[in-house]
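Take a look at the structure set out below.
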Amino acid sequence: MGNVILGLLLLSPMTVYELNKQFEAGISLFYSASLGSIRTAVLSLLAKGLVTVDETVDNGRSKKTYSITAEGRAAFSEWMLQPITASDLETAALAKLYFLGLMGKKERITVLEAILARIAADEQQLEHTAVQLDSMQLPPEYTEIFRYQRNTLDYGLQAHRGGREFFESLLRSENQ
């Protein structure tokens, strides 16, 4: 979550409430977060020196606006360029896609290639699992159970193929 917050702060300094509104307005489609978890992540970023806080009084109320530091910019860039290692490929890929416009063309290509490499590796593992499952001999009483379990695997394969085709298209457009 911290990297998503850093990306938002690259766009503009924000309060925790403004960050929460950004999550509600679109980021929550691929990354959900509560106000409390956003606040905790911001305080962690502050402790690491990745953001700073400007405290003001607005209409008698204390207001804390957070801004990204040079170290925060470097950490964000490093995260964008790292391969995806998280178990939730879709969330990580969409988070990086959301902020891809903050990167230069060369870096965008690097990010897209890394996403595609991860999709291909996961897709290959799912295909291997499918081959193993299809070679199993099942007792007749498990046929219906297996059919829907195999359909679940087919869904995963199709989702990965669709994701791969989508990101391949983005990479082709970057290379033009």
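The values are calculated or read from the model by the stated rules, or taken from the named source; none is laboratory data. Since the structure is predicted, the reported quantities are computational estimates derived from the model, not experimental observations. A quick note on method: Cβ atoms are made from the backbone with ideal geometry, for glycine too, and the neighbour counts reach across all protein chains shown.
Things to note:
- Residues (surrounded by 13 or more Cβ atoms within 10 Å (Cβ to Cβ) and not in a helix (DSSP H, G or I)) located in the range 12-59: 13, 14, 15, 30, 31, 33, 48, 50, 51, 52, 53
- From 75, 33, 92, 41, residue being out of contact with any helix residue (DSSP H, G or I) (no Cβ under 6 Å at 6 or more places or on another chain), within 14 Å of residue 5 (Cα to Cα) and assigned by TED's automatic domain parsing to the domain that holds residue 14: 75
- When 110, 69 are screened for being polar (S, T, N, Q), on the phi < 0 side of the Ramachandran plot and not assigned by TED's automatic domain parsing to the domain that holds residue 10, only 110 passes.
- Restricted to the range 60-86, and to residues there that are part of a strand (DSSP E or B) and in contact (Cβ under 8 Å) with a residue 24 or more places away in the chain, the residue that is surrounded by the fewest Cβ atoms within 10 Å (Cβ to Cβ) is 63.
- Boolean, residue 146 is of a type in the set (Phe, Trp, Tyr), within 17 Å of residue 84 (Cβ to Cβ) and in a helix (DSSP H, G or I): no
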